[in-house]
Amino acid sequence: MLTLALGLALGAAFGALLQLSGASSHTKIVNALRLKDLTIMKLILTAIGVGLVGVHLLDLFGLANMKVKELYLLGIVIAGAIFGVGFALTGYCPGTALAACAEGKPDAWVTVMGGLGGALVFAFLFPEIEEHLLSVGRYGPVTIPDLFGIHGIWIAAPLGLVCIWLAMRLPSPGGAR
């Protein structure tokens with residue numbers, strides 16, 4: 001029960017941060033993609049940096065269960081294309097769409113329903129396409145630290161710090177013209 005409550009609290013905090021930063025605004029997302037307002041880029045870089053360092057520190061001390069999924073190259077390419085088309089058509093990614101739904105934005109509801117519909121279609125089709133989808137570019141669980149034979153913190157810490165540094169260096173709204 002405590003795990004569910006913690007998940008709910010963290011999810012609510014994440015949604016609140018998305019809403020407060022403006023990441024649930026279609027206009028703000030489009031302006032970020034046009035490089036006119038870098039607020040969302042700063043948010044993303046900060047989240048990546050903190051997440052990289054935080055998760056790998058937890059793993060270093062045995063407090064996280066790091067389980068790497070297998071690499072299916074064809075699946076990643078197809079999923080990336082579907083995500084990219086959906087993002088381009090709607091201006092929302094899954095997290096920002098849910099935050100916008102909580103604000104009552106009708107276009108976000110269409111996005112979420114489309115995503116759920118696509119997931120349902122995939123769930124029904126998967127048994128038919130599984131063999132073909134998983135046979136191309138299947139490499140198993142691959143990580144950069146494993147390739148070098150080091151712990152993930154040695155890659156995550158510098159990369160996370162670079163992300164945080166970049167987030168701090170990006171101009172604030174109205175700062176760069």
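The values are calculated or read from the model by the stated rules, or taken from the named source; none is laboratory data. All values reported here derive from a predicted model rather than from experimental measurement. When we count neighbours, we look across all protein chains shown, and the Cβ atoms used for this are built from the backbone with ideal geometry, even at glycine.
For region 44-55, does any single residue satisfy the condition of being within 17 Å of the chain's Cα centre (by Cα) and under 14 Å from Glu103 (Cβ atoms)? Give the steps one after another, and end with the answer.
Filtering region 44-55 for residues within 17 Å of the chain's Cα centre (by Cα) gives 44-55.
Filter once more, keeping what is under 14 Å from Glu103 (Cβ atoms): none.
No, region 44-55 has no match at all.
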Flagged in region 71-113 as small (Gly, Ala, Ser), surrounded by 13 or more Cβ atoms within 10 Å (Cβ to Cβ) and over 15 Å from the mean Cα position of the chain (by Cα), in numbering order, are Gly75, Ala100, Ala102, Ala108
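Could you please give the count of residues in region 3-40 that are surrounded by 12 or more Cβ atoms within 10 Å (Cβ to Cβ) and among the hydrophobic types (A, V, I, L, M, F, W, C)? If you could, list the steps in order and put the result at the bottom.
At the first step, the residues of region 3-40 found to be surrounded by 12 or more Cβ atoms within 10 Å (Cβ to Cβ) are 11, 14-19, 21-26, 28-33, 36-40.
Subset that is among the hydrophobic types (A, V, I, L, M, F, W, C): 14, 16-18, 23, 29-30, 32-33, 38, 40.
Within region 3-40, residues that are surrounded by 12 or more Cβ atoms within 10 Å (Cβ to Cβ) and among the hydrophobic types (A, V, I, L, M, F, W, C) number 11.
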Test: residue in region 130-151 that is in contact with a His (Cβ under 8 Å, 6 or more places away or on another chain) and of a type in the set (Asp, Glu): no
Tell me, please, whether a residue that is surrounded by 11 or more Cβ atoms within 10 Å (Cβ to Cβ) and touching a Pro at 6+ places or on another chain (Cβ under 9 Å) can be found in region 114-128. yes
Please verify whether Ala99 is among the small types (Gly, Ala, Ser), out of contact with any Phe, Trp or Tyr (no Cβ under 7 Å at 6 or more places or on another chain) and closer than 25 Å to Leu159 by Cα, treating the condition exactly as stated. no
Spot the failing condition for Leu133; the list is (1) under 28 Å from Leu33 (Cα atoms); (2) outside the structural domain of Leu35 (by TED's automatic domain parsing); (3) in contact (Cβ under 8 Å) with a residue 60 or more places away in the chain, and only one is missed. (1)
